[in-house]
Amino acid sequence: MSEPRGDRRPLGKDPETACKEEERTWISVGGFCLKSSWDSKGGAVSLQRRRFDSISRRSLSDSGCVNPQPNGHPKVGYVVSAWPRLSETFILNEVVGVERLGVRLQIFAVKDANDKSAHPKVAEVRAPVTCLSMKRNHKAIGLASVRLLLRQPVSFCQTGLRALRYRRRGALRCFFQATYLAEMLFRESLTHLHAHFAHDPTLVTMFVHYLTGIPYSFTAHAKDIYVKTSPELLRDEAQAAEAVVTCTEYNRRYMSAQIGPAGARKLHCIYHGLDLSPFKFSCRRALASEPMVILSVARLVEKKGLRDLIAAADILRQRDRRFQVEIVGDGPLRQSLEAQVRRLALDDRVKFSGPLPHDELCRVYQRASLFALPCVVAADGDRDGIPNVLLEAMASGIPVVSTPVSGIPEVINSESEGLLVPPNNPASLAEALDRLLHSAELRERLALAARAKIEACFSIEKNSAQLVSLFQQDGGG
């Protein structure tokens, strides 16, 4: 496949002069010289030059990229699924961490947020947020597409044909959202785009790159690469990107095999960072008068393995152990899980608390004795990366029990920072929980080692700095 018309052009002199010297086959759009394959005597070229005169002369550097801001930091556009989303605190943590390092951000969400409650840390985010959803902006998106077609018909048609080639439901929608975003970016001086999730957000971002030449990177997580994105699309996204980030070494190995050696050279594993300030560490001693609380925090979906946790609770009850299971979160399996609890007559042992605001969840961590998240690979192939709630529980001093699925062994060495049991195995899960219920020494040893691991490997400051370095490599910083 030929290279997109949105390639960046090195500029060693006045950008407009450089464009003219290339036989007028390079035109300036939104801060970049873009190559055109049609006759340079046409009206489209002069229209692009006027665009350059009015907008982009202030922002081009000798490298052809938009200049960093006066403080030396890049200005980055984040493209996400929805904003804010309570179940994606890892993105929120990253945004806050990147902004603390001086990077100016803008956030673009491809669909509306449906969460009824928001994380309190959202108030710390300085970046303006723009929603690109078709439902909210269909008229504006239509007008932007017409203007872009008239302004640069070749790159518009080429990118539209790419979208049709994927034969993927929603690809055309992503294309039209990209035209809307591209129109906005002609008025901005962004150095870089970064998308979270390899499906729709990265597809929109890749199309914007073809239309504007703005370089991009993306972070791949879990379901987006194992279920929602075909290997062909993943390869194309990686080849066009400047850098590809994923949150576990497990994912990195999988993606390397999928995208081939050319894309694999761009792959980076950067763990999700955690802001430790809300998580007060304390090794809790159980009171003889109260049952120990086994906490689980999760979306109520198959990959979290909560059916196994309920089955393990039944085994512990049959052993006459004193405990209380508390499950925080909501999701499509809630009714099914509640029915399982009733069927096993565990209503007095298993409590569903629903979704909680994060400040309240931090207080729940403080009264929990154990944390269990027995993750599995779902029937459709979906699986976790490293669940953020595991990091939060470990930071709070709660001994954790999980499974060696996906990237979880990268944060928990079994018998060192927690206990790992085989997935889909309630009996093994019950045995591990029973050990912790009975041994204060084991609980304390695991909790201390777990907190040390989080501080050493999952600091928001360290991991945000790694990401910013990728943005600066692109943005001339």
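A short reminder: the numbers here are calculations on the coordinates, not readings from a lab. Everything quoted here is computed from the prediction, not taken from an experiment. FYI the Cβ positions are ideal-geometry reconstructions off the backbone, even for glycines, and counts take in every protein chain you see.
List of remarks:
- Convex hull of Cα atoms in region 344-384, direction-averaged projection (nm²): 4.7
- Environment charge at Leu105 (Cβ cut-off 9 Å; Lys +1, Arg +1, Asp -1, Glu -1): +2
- For region 453-465, 3J(HN,Hα) per residue [Karplus equation, 6.51 cos²θ - 1.76 cosθ + 1.60, θ = phi - 60°, Hz, x = Gly/Pro]: 5, 4, 4, 7, 10, 10, 6, 5, 5, 5, 6, 5, 4
- Interchain or long-range residues, amide H under 5 Å from His192's placed H: Lys75, Gly77
- Long-range HN-HN contacts of Thr219 with modeled amide H, under 5 Å: Ala195, His196, Phe197, Val245
- Normalised size of region 143-246, defined as Cα radius of gyration per 2.2 N^0.38 Å with N residues, equals 1.01.
- Among the listed pairs Lys280/Lys453; Lys266/Lys462; Lys111/Lys266; Lys121/Lys351; Lys351/Lys453; Lys228/Lys304, a Cα-Cα separation exceeding 23 Å is found for Lys111/Lys266; Lys121/Lys351; Lys351/Lys453.
- Remark: region 135-149, residue by residue, has Karplus-estimated 3J(HN,Hα) of 4, 8, 10, 4, 5, 5, 5, x, 5, 4, 5, 5, 4, 5, 4 Hz, where x stands for each Gly or Pro and the curve is 6.51 cos²θ - 1.76 cosθ + 1.60 at θ = phi - 60°.
- Using the Cβ of Leu420 as centre and a radius below 13 Å, the other residues enclosed give a net charge of -3, where K and R count +1 and D and E count -1.
- Phi angles of region 178-191 translate, via the Karplus equation with coefficients 6.51, -1.76, 1.60 and θ = phi - 60°, into HN-Hα couplings of 5, 5, 5, 5, 4, 4, 5, 6, 5, 9, 10, 10, 6, 8 Hz per residue; Gly and Pro are given as x.
- In angstrom, the C-alpha Rg and Dmax of region 273-404 are 14.4, 44.
- Long-range amide H partners of Ser459 with built H, under 5 Å: Leu274
- Averaged over residues, the count of other Cβ atoms within 10 Å places the peptides 379-387, 313-321 in the sequence 379-387, 313-321, highest first.
- Sites Glu326 and His138 - FRET efficiency at Förster radius 60 Å, r taken between beta-carbons, to 0.05: 0.90
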